[in-house]
Amino acid sequence: MDEALLALWNGLPVFLVHSAISLAILFVGVGIYMWSTRHDEFALIRAGNTAASLSLGGAIIGLALPLAFSLAASVSLWDLLFWGVVALLLQLVAFRLADLFLKDISSRIEAGDMAAATFLVSVKIATALINAAAISG
């Protein structure tokens, strides 16, 4: 029992720092994503727009997946920062490309177009899975 408590005591600071850094990168990524869209996700969600909620939820999951894999594969705090930021940038670029592929996606999300939102989420999560696997090696 003493060994378990000692291991917890020794590992807890590393866990807290790595979790805090990962969450900070995630929040920054979500903020950049929301800033880069032409529509106000929170206003649409508050108004009951399911397509906006699905799209934002897909973006959050899409950013979190490669970040989680970079957290699992990192060997140091600098490693986590580097790969976390790389994962974030790759995902944001992929999201923008998907948005460009779907013509006038912001208007379609604002209108509650679930077909567009579902396709967009699929692209975001598929890209996240591929980036996550590439990061984890």
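The values are calculated or read from the model by the stated rules, or taken from the named source; none is laboratory data. All values reported here derive from a predicted model rather than from experimental measurement. A quick note on method: Cβ atoms are made from the backbone with ideal geometry, for glycine too, and the neighbour counts reach across all protein chains shown. Just the protein is used for accessible areas: all its heavy atoms, side chains included, with ligands, DNA and RNA removed. Shrake-Rupley method; radii C 1.70, N 1.55, O 1.52, S 1.80 Å.
Taking each residue of the range 52-75 that is touching a residue at least 12 places away in the same chain (Cβ under 8 Å) and looking for partners that are open to solvent by 40 Å² or more (accessible area, probe 1.4 Å) and among the small types (Gly, Ala, Ser) with beta-carbon atoms closer than 7 Å, six or more apart or interchain, yields Phe69/Ser136; Ala72/Ser136; Ala73/Ser136; Ala73/Gly137.
Being under 22 Å from Leu77 (Cβ atoms), open to solvent by less than 70 Å² (accessible area, probe 1.4 Å) and of a type in the set (Gly, Ala, Ser) is a property that Ala43 lacks.
Suppose we filter Ser36, Ser76, Ser55, Ser107 for residues that are of a type in the set (S, T, N, Q) and under 30 Å from Gly11 (Cα atoms); which single one remains? Reasoning before the result, please.
Numbers: Ser36 fails: under 30 Å from Gly11 (Cα atoms); Ser55 fails: under 30 Å from Gly11 (Cα atoms); Ser107 fails: under 30 Å from Gly11 (Cα atoms).
Just one listed residue meets the conditions, Ser76.
Take the range 56-78 and flag every residue that is more than 10 Å from the chain's Cα centre (by Cα) and open to solvent by less than 40 Å² (accessible area, probe 1.4 Å). Hits for the range 56-78 are Ser70, Ser74. Condition test on Val93, is it surrounded by fewer than 20 Cβ atoms within 10 Å (Cβ to Cβ), aliphatic (A, V, I, L, M) and under 30 Å from Pro13 (Cα atoms)? No, not satisfied. Going through (1) open to solvent by 30 Å² or more (accessible area, probe 1.4 Å); (2) in contact with a Phe, Trp or Tyr (Cβ under 9 Å, 6 or more places away or on another chain); (3) at pLDDT 90 or above one by one, Ala52 falls short only on (1).
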